[in-house]
Amino acid sequence: MRILVVEDDTDLNRQLVTALEEAGYVVDSATDGEDGHFLGDTEPYDAVVLDLGLPTLDGLSILENWRRDGRTMPVLILTARDRWSDKVAGIDAGADDYVAKPFHMEEVLARVRALVRRAAGHASNELTCGSVRLDLRSGRVTVDGSAVKLTSHEYRLLSYLLHHQGKVISRTELTEHLYDQDFDRDSNTVEVFVGRLRKKIGADTIETIRGLGYRLGEARDE
Amino acid sequence: MKRVTNDANAGPDRSAARQRSLAARLIFVAAVWSTIALALAGVVLVSRYERARERDFDTQLEVHIKALIAEMLDTSAGASAATVEATVTEPNYRGDPRFSLPLSGWYWTVRRADNPSILYASQSLVGDPLNTPPIGQDEANAGFIIGPTGDEVRVLQQRISIGGTDYVIAVGAATAGFWAEIHEFARLVALTLIIVGLGLTLAIFLQVRIGLRPLARLRASLSAVRQGEAERIDEALPREIAPLAVELNALIVSNKEIVERARTHVGNLAHGLKTPLSVISNEARAAGGPLAEKVSEQAAIMSTQVQHHLERARMAAQRRVIGVACETEPVLARLIRAMGKIYQDKGVSLTFRQDGAIRFRGESQDLEEMSGNLIDNACKWAASKVQVKVAMIEDPSTSRDMFLITVEDDGPGLTPEQRAEAVKRGRRLDETVPGTGLGLSIVADLAALYGGSFELDGAAIGGLKARLVLPALRKE
């Protein structure tokens, strides 16, 4: 899962990036409005954490631009202006949720988790596929009830596939969502991680669709 | 010792002075002035007329004196100038038939200047001496005396010298007709002036009414602004009061600007303080240890303090903004939509009902803040349902129009003691649910600021029921 953080305060930006990375996300960040807008416009993110008060281009305008250009990724706005008029203006501009400053990192993580899950069409914080179960709150993965230890890359891969289970996910899409923008997209590390994950959760859980990509679970009509 | 201040006593007088009508004052002053002017004009007119009539009267009497003198002198043919001077004959003057009629009011007498007894007199005197005033050394004089019938008589006297002897010739006429004429004239003048005065008063009244009409228009325009029906005062007014409208508009604009500036300032301050607070508390929570714990705890206190003072500053900024009002329906519909999105995970069914159009007499941001806090709170606690209703309050006993927003949820609700506690500042009954604990107390403070009220009750659907009463814009 790949998240974009747009926050002009460098300390807060760093804290958000660290917390999100620790929670298993791949995170890109921007400290001004124009950079943030550009990243959101060009990279496929699973969620965006967007501060409203930004230099060069304010958060509300960025959001409106994204939505006008058909960018549908869920957006969580951070705002120090916590009047309802500000929050509603944010929601009306296309935000999916808001967190008022000052906030606890756990709250932001919970909101981001919910946004990503909701965007993929899941109602619960527990994602299951056959005997594989992932608790999004704790990050625990079990197979047939017994805990499985995954590396962060494996976790991200499983989480993405579980969020989009039933769908064929191309290698490119996986690369885009599992690595940050500086990653060398030509490498074939995805295949390596899929192989390792299969060993831990069962070889037949992840199906390879030749020429197209991978699929977790039964095929779903789109 | 009890001290009585002048101010306390001056209060009612000042308010009476304030309430006195400008129109009444203008009409009163104009009426007093025109009454005085008309009365003066009357007095001058009558006295001028009297003087003219008197001169006229005297001229008549003078003609008679001259004719009488001519009669007294022997003017027979052949008499020389010297004999003329020496001879006085008894005049048989009948220049006016009334001199022959007994006690007709018209009289004449001829006396020697050194002897008051009558030499000759008109028949009309019937032997009465006609008490003429002494002429002294004057050539002529005029005056009023009481005649033989007791009536006032105007007498004109002239001294002439004939043959070395001084004679005083007096001609008099009763003034009864003269005064009657003067009085008749005075009555006519008075009547005319009264009619003119009444006409003038009516004209003044109309003039004041028409003249003050732009003021009434200004008042209506200002009232429309205050009610929030208009943005600015109509400046198409007469030259004299147009500057007032312009000044008032400038005042309204500056008032709004001040509030806007204060809001922006508060917003900037909020942003400036809250971001570092987030950084500090998150850093502390991540670090762990006693120092981090202390920092975390103090950051939480600072956060509450900042929130509290920002709210206070915001409320101070939004006081007495005139001329603002908003429709409740779009504001609430927008909020419900946003809440639906925020709480979509929870699966709360949000319903909103409003009967008819209602306008809130205040800032839409404040309405949004109050109802936002209530609906947000209800959504947090609701099991599955939140109902929002808005309706006018049908209470003829109050002069102000108010409307009621009720927000009900089917959550666990609160006991009466908890409800009282919940509206207190910064009180959070459940620390596990995110929030500052200021929401409900902000609602209570804002509602009080608008002269409304806020209370918590048990809801029919099981949870908490919030009742928020706010001023509505009068239905015209």
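The values are calculated or read from the model by the stated rules, or taken from the named source; none is laboratory data. Nothing here was measured: the structure is a model prediction, and the numbers come from that model. Here the Cβ is made from the backbone with ideal geometry for all residues, glycine too, and neighbour counts use every protein chain on show.
Does A:Thr31 satisfy the criteria of being within 14 Å of chain B (Cβ to nearest Cβ) and in contact with a helix residue (DSSP H, G or I) (Cβ under 7 Å, 6 or more places away or on another chain)? Even if it seems obvious, please write down each step before you answer.
Working: within 14 Å of chain B (Cβ to nearest Cβ): yes; in contact with a helix residue (DSSP H, G or I) (Cβ under 7 Å, 6 or more places away or on another chain): yes.
For A:Thr31, the condition - within 14 Å of chain B (Cβ to nearest Cβ) and in contact with a helix residue (DSSP H, G or I) (Cβ under 7 Å, 6 or more places away or on another chain) - is met.
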*What number of residues within region A:36-55 are in a helix (DSSP H, G or I) and either without any contact (Cβ under 8 Å) to a residue 12 or more places away in the chain or within 13 Å of chain B (Cβ to nearest Cβ) (or both)?*
2
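Which of the following residues is touching a Lys or Arg at 6+ places or on another chain (Cβ under 6 Å) and over 29 Å from B:Ser296 (Cβ atoms): A:Asp92, A:Asp58, A:Asp69, A:Asp46? Can you show your working first?
On the way: A:Asp92 fails: touching a Lys or Arg at 6+ places or on another chain (Cβ under 6 Å); A:Asp58 fails: touching a Lys or Arg at 6+ places or on another chain (Cβ under 6 Å); A:Asp69 fails: touching a Lys or Arg at 6+ places or on another chain (Cβ under 6 Å).
One residue alone meets the criteria, A:Asp46.
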_Hey, B:Asn282 part of a helix (DSSP H, G or I), surrounded by fewer than 16 Cβ atoms within 10 Å (Cβ to Cβ), within 11 Å of chain A (Cβ to nearest Cβ) and not small (Gly, Ala, Ser) or not_ = no
*State which residue pairs qualify: first residue more than 14 Å from chain A (Cβ to nearest Cβ) and inside region B:376-390, second residue in a loop (DSSP other than H, G, I, E, B) and surrounded by fewer than 20 Cβ atoms within 10 Å (Cβ to Cβ) in any location, beta carbons under 7 Å apart, and separation of 6 or more residues or different chains.*
B:Trp381/B:Pro412; B:Ser384/B:Gly347; B:Lys385/B:Ile461; B:Gln387/B:Ile461
*asked:* If B:Leu237 meets every condition in (1) touching a helix residue (DSSP H, G or I) at 6+ places or on another chain (Cβ under 6 Å); (2) more than 9 Å from chain A (Cβ to nearest Cβ); (3) under 28 Å from B:Met370 (Cβ atoms) apart from one, which number is that one?
replied: (3)
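Evaluate the following for B:Ser399: is it without any contact (Cβ under 8 Å) to a residue 12 or more places away in the chain and either of a type outside the set (Lys, Arg) or more than 14 Å from chain A (Cβ to nearest Cβ) (or both)?
Numbers: without any contact (Cβ under 8 Å) to a residue 12 or more places away in the chain: yes; either of a type outside the set (Lys, Arg) or more than 14 Å from chain A (Cβ to nearest Cβ) (or both): yes.
The answer is yes for B:Ser399.
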*Output the number of the condition that B:Ala173 fails; it satisfies all remaining conditions of (1) touching a residue at least 60 places away in the same chain (Cβ under 8 Å); (2) more than 30 Å from B:Leu73 (Cα to Cα).*
(2)
*Working carefully through the options A:Ala100, A:Ala95, A:Ala80, find the one that is within 11 Å of chain B (Cβ to nearest Cβ) and in contact with a Leu (Cβ under 7 Å, 6 or more places away or on another chain).*
A:Ala95
*For B:Ala391, are the conditions met, namely being at pLDDT below 90, aliphatic (A, V, I, L, M) and surrounded by fewer than 21 Cβ atoms within 10 Å (Cβ to Cβ)?*
no
_Residue list for region B:343-362, restricted to those being at pLDDT 85 or above and within 11 Å of chain A (Cβ to nearest Cβ)_ = B:Tyr343
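Pick from A:Gly24, A:Gly36, A:Gly40: which is crowded, with 17+ Cβ neighbours inside 10 Å, on the phi > 0 side of the Ramachandran plot and not basic (Lys, Arg)? Talk me through it step by step, then tell me what you get.
Numbers: A:Gly36 fails: on the phi > 0 side of the Ramachandran plot; A:Gly40 fails: on the phi > 0 side of the Ramachandran plot.
It is A:Gly24.
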*Please find, among B:Gly267, B:Gly272, the residue that is within 14 Å of chain A (Cβ to nearest Cβ), under 20 Å from B:Val324 (Cβ atoms) and either more than 50 Å from the chain's Cα centre (by Cα) or in a helix (DSSP H, G or I) (or both).*
B:Gly267
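Every residue, every condition in (1) touching a residue at least 40 places away in the same chain (Cβ under 8 Å); (2) assigned to a loop (DSSP other than H, G, I, E, B); (3) not basic (Lys, Arg), yes or no:
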residue: B:Leu119; (1), (2), (3): yes, no, yes
residue: B:Ser124; (1), (2), (3): no, no, yes
residue: B:Gly127; (1), (2), (3): no, yes, yes
residue: B:Thr132; (1), (2), (3): yes, yes, yes
residue: B:Ile135; (1), (2), (3): no, yes, yes
residue: B:Asn141; (1), (2), (3): no, no, yes
residue: B:Val153; (1), (2), (3): yes, no, yes
*Considering only residues that are closer than 12 Å to B:Val168 by Cβ and buried (at least 17 other Cβ atoms within 10 Å of the Cβ), look in region B:80-118 and name the one that is modelled with the lowest pLDDT.*
B:Ile118
*Answer yes or no: is there a residue in region A:71-82 that is more than 15 Å from the chain's Cα centre (by Cα) and surrounded by fewer than 18 Cβ atoms within 10 Å (Cβ to Cβ).*
no
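Among the residues of region A:176-208, count how many are of a type in the set (Ser, Thr, Tyr) and crowded, with 18+ Cβ neighbours inside 10 Å.
Residues of region A:176-208 that are of a type in the set (Ser, Thr, Tyr), as a first pass: A:179, A:187, A:189, A:205, A:208.
Narrowing the set further to residues that are crowded, with 18+ Cβ neighbours inside 10 Å leaves A:179, A:205.
The qualifying residues number 2.
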_Selected residue [surrounded by 19 or more Cβ atoms within 10 Å (Cβ to Cβ) and either under 21 Å from B:Asp376 (Cβ atoms) or aromatic (Phe, Trp, Tyr) (or both)] from A:Ala95, A:Ala47_ = A:Ala95
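Provide a single number: the residues in region A:17-34 that are in a helix (DSSP H, G or I) and within 21 Å of B:His271 (Cα to Cα).
Filtering region A:17-34 down to residues in a helix (DSSP H, G or I) leaves A:17-22, A:33-34.
Restricting the remaining residues to those that are within 21 Å of B:His271 (Cα to Cα) gives A:17, A:33-34.
Adding up the residues that qualify gives 3.
Would you check if A:Ser170 is touching a residue at least 40 places away in the same chain (Cβ under 8 Å) and among the hydroxyl-bearing types (Ser, Thr, Tyr)? Let's see the steps before the verdict.
Numbers: touching a residue at least 40 places away in the same chain (Cβ under 8 Å): yes; among the hydroxyl-bearing types (Ser, Thr, Tyr): yes.
Judged against the criteria, A:Ser170 is a match.
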*Can you spot a residue in region B:290-301 that is at pLDDT 85 or above and within 20 Å of B:Leu456 (Cβ to Cβ)?*
no
*Here are some residues: B:Val43, B:Val29. Which one is more than 30 Å from B:Ile210 (Cβ to Cβ) and at pLDDT 85 or above?*
B:Val43
*With B:Ala203, B:Ala186, B:Ala230 as the choices, which residue is exposed (fewer than 15 other Cβ atoms within 10 Å of the Cβ) and not assigned by TED's automatic domain parsing to the domain that holds B:Gly362?*
B:Ala203
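If you go through region B:324-342 one residue at a time, how many are within 30 Å of B:Ser223 (Cβ to Cβ) and either among the hydroxyl-bearing types (Ser, Thr, Tyr) or within 14 Å of chain A (Cβ to nearest Cβ) (or both)? Step through it out loud before you land on a result.
Taking region B:324-342 as the starting set, the residues that turn out to be within 30 Å of B:Ser223 (Cβ to Cβ) are B:324-334.
Pick out the ones that are also either among the hydroxyl-bearing types (Ser, Thr, Tyr) or within 14 Å of chain A (Cβ to nearest Cβ) (or both) and you get B:324, B:326, B:328, B:330-334.
The number of residues fulfilling the criteria is 8.
Considering only residues of region A:98-127 that are among the basic types (Lys, Arg) and within 16 Å of A:Thr72 (Cα to Cα), which is surrounded by the fewest Cβ atoms within 10 Å (Cβ to Cβ)? Please lay out each step first, then the result.
Here is the first cut: in region A:98-127, the ones among the basic types (Lys, Arg) are A:101, A:111, A:113, A:117-118.
Checking which are within 16 Å of A:Thr72 (Cα to Cα) leaves us with A:117-118.
On the way: A:Arg117: 24, A:Arg118: 16.
Step by step, filter region A:98-127, then rank; the result is A:Arg118.
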